[in-house]
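Trainee: A single structure is presented below for examination.
The values are calculated or read from the model by the stated rules, or taken from the named source; none is laboratory data. This is a predicted model, so every value here is computed, not measured. Every residue, glycine as well, gets a Cβ built from its backbone with ideal geometry; the counts of neighbours run over all protein chains shown.
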Amino acid sequence: MSHPLETIRHSLSHVMAEAVCKLYPGTKVAIGPAIDDGFYYDFQLPVTVQPEDLPAIEKEMRRIIAANLKFERREISKAEAVALFAAQPFKLELIEGLEDGAITVYSQGEFTDLCRGPHVDTTRDLRPDCFKLRAIAGAYWRGDEKRPMLTRLYAYAFNSKDELNAHLKMLEEAEKRDNRRLGKELGLFSTHEEAGPGLIYWHPKGGRFRVELENWWRDEHYKNGYDLLFTPHIGKAWLWEKSGHLGFYKEGMYAPMEIDEEKYYVKPMNCPFHIMIYNNDGHSYRDLPLRWGELGTVYRYERAGALHGLMRVRGFTQDDAHIICTPEQIEDEIAEVLRFSLSMWKILGFKDIKAYLATRPAGDGAVGAPEMWATALESLRKAVDKEGLPYEMDEGGGAFYGPKIDLKVKDAIGREWQMTTIQFDFNEPERFDMTYVNSDGTKKRPYMVHRALLGSIERFFGVYIEHTAGAFPLWLAPEQVAVIPVGNDFADYAKTVGDQLRRAGLRVRMMLSDDRMNAKIRLAQAQKVPYMLVVGAKERDESTVSPRLRDGRQLESQAVETFIAHAKARVAEKSLEL
């Protein structure tokens, strides 16, 4: 009988827990869920486990698998559970939150765990060559920094050895593409713990990428009917009280500062400021829709352990926008913003895109009438259907203020990244009393949509570095052309060529050091410069250049003007090819 991969992974976590308890008597067990690429289990261990200990744990796991032990399910009372796990404090804490009569445990061999299941039938249903222990990490019990620090053992697990090996190969490639590694090697950005963690320092080359990206972003937004705003970085506390952020999002905000005896917060969102601009004037239905965008830098408190290069930061620039429209316009506006987003991802070279439609969260935390949520969700669904996008429902995954579409893009090595988000907001128009005058002269409440196409400039840069492995397309490359003289005698001609390229609007790196030509070529290739123009006596005498691509291909010698025309054409068409 075949079993779902999630069931296999969770069953393997129990096998790992049994192996660890056998190898390290006195171990206290916590939780061991399946995750996207495998599973983990948290332990309080009597000794410190090192990476070199992982093979012994794997060996014991394989012994357990070979023993063909049955996974046996039992329903027990709360009192029985307390007695059974008397020596396991983390399990006892979990039992406290369970209702009597609804407690299940699973046993295999010498190990019993508090668990809802399901599991495979026996350990022989688990293939011994389809998992691999991968890492040891620290994890606070229940994610609380004030609770005990546990040892978390991670493992990969797949349906077949081939799938496992493919995943390991992808991870090896991902390590080479890591934005932190390439950011340093290519001189793009840095972070400085001593000056403040989670804050990005854009170096000249990273800054040039950002300028080109943001200029394109602005041009595209103007073409698509947006106006661009600029708003402050701080605001008085009442703004965040009124918007609901202090009620729903305070843990993600920085502490307030006191100015003129009043509390101010650095902004975690741009939306209240856009609403201030909207409410500055009266509006008619004839004014709508309004499409307002902003490259707005915001600040959010992330736990230090969650910070990760460009992917998770504390200060970032959202490619933000808010669409304010009438209820009758909302369906067309959602369809248009989705089309706009997909067009940008296509230009950037992402083709594999999937949508996730997030519905109303469970409980009483969400705002807005259920019928409004249903209407909004249907607008989102129609937009996705119109574009022919594959999608999944994300039940309960909506924000407290409305349903949303999240777009996930797949990168060059098959990883999925959540990027674009399009979110309804039933909260702020009500809280800030946003209105417009309808055709019958009555005041109506507009609909408001939050949307970010790239997500944030920082995170997008991180994803794009890893997607391209730092080999950016010509139009975004910080340095587009390296001019390399074959020797010092030809430095003057190299400067002449470089000046021509710069006047034509190309970004040039002049490589005029005393290093040998081959060393300069290797350096330019390592720096992922798209074109290298090698110039010597023949090129000087004929006013030509010999182009070489960063992948090592050599092009025919050509006039400088011919090369400039070729490169500018590639830039103008946003070509992904050289």
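Trainee: Which pairs turn up if I take residues in the range 309-328 that are farther than 23 Å from Glu428 by Cα and assigned by TED's automatic domain parsing to the domain that holds Gly462 and look for partners that are outside any strand (DSSP E or B) and among the hydrophobic types (A, V, I, L, M, F, W, C) with beta carbon separation below 6 Å, at least 6 apart in sequence or on another chain?
Mentor: Leu310/Phe461; Arg312/Ala306
Trainee: For the range 126-160: of the residues being surrounded by 14 or more Cβ atoms within 10 Å (Cβ to Cβ) and touching a Cys at 6+ places or on another chain (Cβ under 7 Å), which is farthest from Phe472 (Cα to Cα)?
Mentor: Among those that are surrounded by 14 or more Cβ atoms within 10 Å (Cβ to Cβ) and touching a Cys at 6+ places or on another chain (Cβ under 7 Å), it is Asn159.
Trainee: Just to be sure I understand, how many residues within the range 400-422 are more than 14 Å from the chain's Cα centre (by Cα) and either buried (at least 22 other Cβ atoms within 10 Å of the Cβ) or in a helix (DSSP H, G or I) (or both)?
Mentor: Selection size over the range 400-422: 6.
Trainee: Can you pull out the residues in the range 469-489 that are over 40 Å from the mean Cα position of the chain (by Cα) and surrounded by fewer than 21 Cβ atoms within 10 Å (Cβ to Cβ)?
Mentor: Passing the criteria: Val486, Gly487, Asn488, Asp489.
Trainee: Are any residues in the range 484-526 outside any helix (DSSP H, G or I) and either touching a residue at least 60 places away in the same chain (Cβ under 8 Å) or of a type in the set (Lys, Arg) (or both), and if so, which ones?
Mentor: Once the filter is applied, which keeps residues that are outside any helix (DSSP H, G or I) and either touching a residue at least 60 places away in the same chain (Cβ under 8 Å) or of a type in the set (Lys, Arg) (or both), the range 484-526 yields Ala504, Gly505, Leu506, Arg507, Arg509, Arg516.
Trainee: Just need a number here: residues in the range 95-110 that are within 22 Å of Thr7 (Cβ to Cβ), outside any loop (DSSP other than H, G, I, E, B) and without any contact (Cβ under 8 Å) to a residue 60 or more places away in the chain.
Mentor: So the count comes out to 4.
Trainee: Same structure, new question: Looking at this structure, is Leu133 assigned by TED's automatic domain parsing to the domain that holds Ser160, assigned to a strand (DSSP E or B), out of contact with any Gly (no Cβ under 8 Å at 6 or more places or on another chain) and at pLDDT 95 or above?
Mentor: Against the criterion (assigned by TED's automatic domain parsing to the domain that holds Ser160, assigned to a strand (DSSP E or B), out of contact with any Gly (no Cβ under 8 Å at 6 or more places or on another chain) and at pLDDT 95 or above), Leu133 qualifies.
Trainee: Scan the range 33-44 and give yes if some residue there is more than 18 Å from Phe131 (Cβ to Cβ), assigned to a loop (DSSP other than H, G, I, E, B) and either outside the structural domain of Gly138 (by TED's automatic domain parsing) or at pLDDT 95 or above (or both), otherwise no.
Mentor: Within the range 33-44, not a single residue is more than 18 Å from Phe131 (Cβ to Cβ), assigned to a loop (DSSP other than H, G, I, E, B) and either outside the structural domain of Gly138 (by TED's automatic domain parsing) or at pLDDT 95 or above (or both).
Trainee: Return yes or no: is Val120 under 16 Å from Pro33 (Cα atoms), surrounded by 12 or more Cβ atoms within 10 Å (Cβ to Cβ) and β-branched (Val, Ile, Thr)?
Mentor: For Val120, the condition - under 16 Å from Pro33 (Cα atoms), surrounded by 12 or more Cβ atoms within 10 Å (Cβ to Cβ) and β-branched (Val, Ile, Thr) - is met.
Trainee: A follow-up question, please. Check whether at least one residue in the range 551-569 is in a helix (DSSP H, G or I), aliphatic (A, V, I, L, M), surrounded by fewer than 15 Cβ atoms within 10 Å (Cβ to Cβ) and touching a residue at least 12 places away in the same chain (Cβ under 8 Å), and report yes or no.
Mentor: Looking for residues that are in a helix (DSSP H, G or I), aliphatic (A, V, I, L, M), surrounded by fewer than 15 Cβ atoms within 10 Å (Cβ to Cβ) and touching a residue at least 12 places away in the same chain (Cβ under 8 Å), one finds none in the range 551-569, hence no.
Trainee: Restricted to the range 232-287, and to residues that are in contact with a strand residue (DSSP E or B) (Cβ under 6 Å, 6 or more places away or on another chain) and of a type in the set (Val, Ile, Thr), which residue is surrounded by the most Cβ atoms within 10 Å (Cβ to Cβ)?
Mentor: Val266
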